[in-house]
Amino acid sequence: MDKAAIFKGSKEGIVLLVNPDLDFTSIVNFLSKTLEERKLFFSGASLLLDTNDRIFSEEELKNLGSLFQKYGVSFRIKGEEKIYGTEFLNLSNLQEEKMAVVTHTMRSGQSIKFDGSVVVLGDINEGAEVNASKNVYIFGIVRGIINAGEKIIS
């Protein structure tokens, strides 16, 4: 491996293969440059860090965590359960929000208007409509109409 690290796509998501022969500073410099150049792509991403049998010290893991936090990236080390980076997220500022959950496919003629966010666990077929004053999360195929951030007047 010529580079300090290689990013690869896999069924587990984005895998970061680290060159075990390079010093930590070279790896961090490479990652800083790459993350800065592609910050929109990596923002909110979760990486699987494959260390290639390189052992990182606790201090090095903290440095990696700080670097990844700067770009909104969480990571876990291959073979470990712990996800690093989530402790850096300030979850104490989360506020409760109104949310409607639709647990079926929406058919033509069906619609939902909700003052808050809407989650649809199914498809939205042609002729169906979802209107939400906040966010709309779809876990299915959208063929219908979606309006998010819309002022709802009931």
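Brief remarks follow.
- Of residues in segment 125-154 being over 20 Å from LYS98 (Cβ atoms) and of a type outside the set (D, E, K, R), the one nearest to the chain's Cα centre (by Cα): GLY140
- Scope segment 122-149; condition buried (at least 16 other Cβ atoms within 10 Å of the Cβ) and charged (D, E, K, R); matching residues: ASP123, GLU129, LYS134
- Residues located in segment 24-46, provided they are aliphatic (A, V, I, L, M) and either loosely packed, with under 11 Cβ neighbours inside 10 Å or in contact (Cβ under 8 Å) with a residue 40 or more places away in the chain (or both): LEU40
A short reminder: the numbers here are calculations on the coordinates, not readings from a lab. None of these values were measured; they are calculated from a predicted model. A quick note on method: Cβ atoms are made from the backbone with ideal geometry, for glycine too, and the neighbour counts reach across all protein chains shown.
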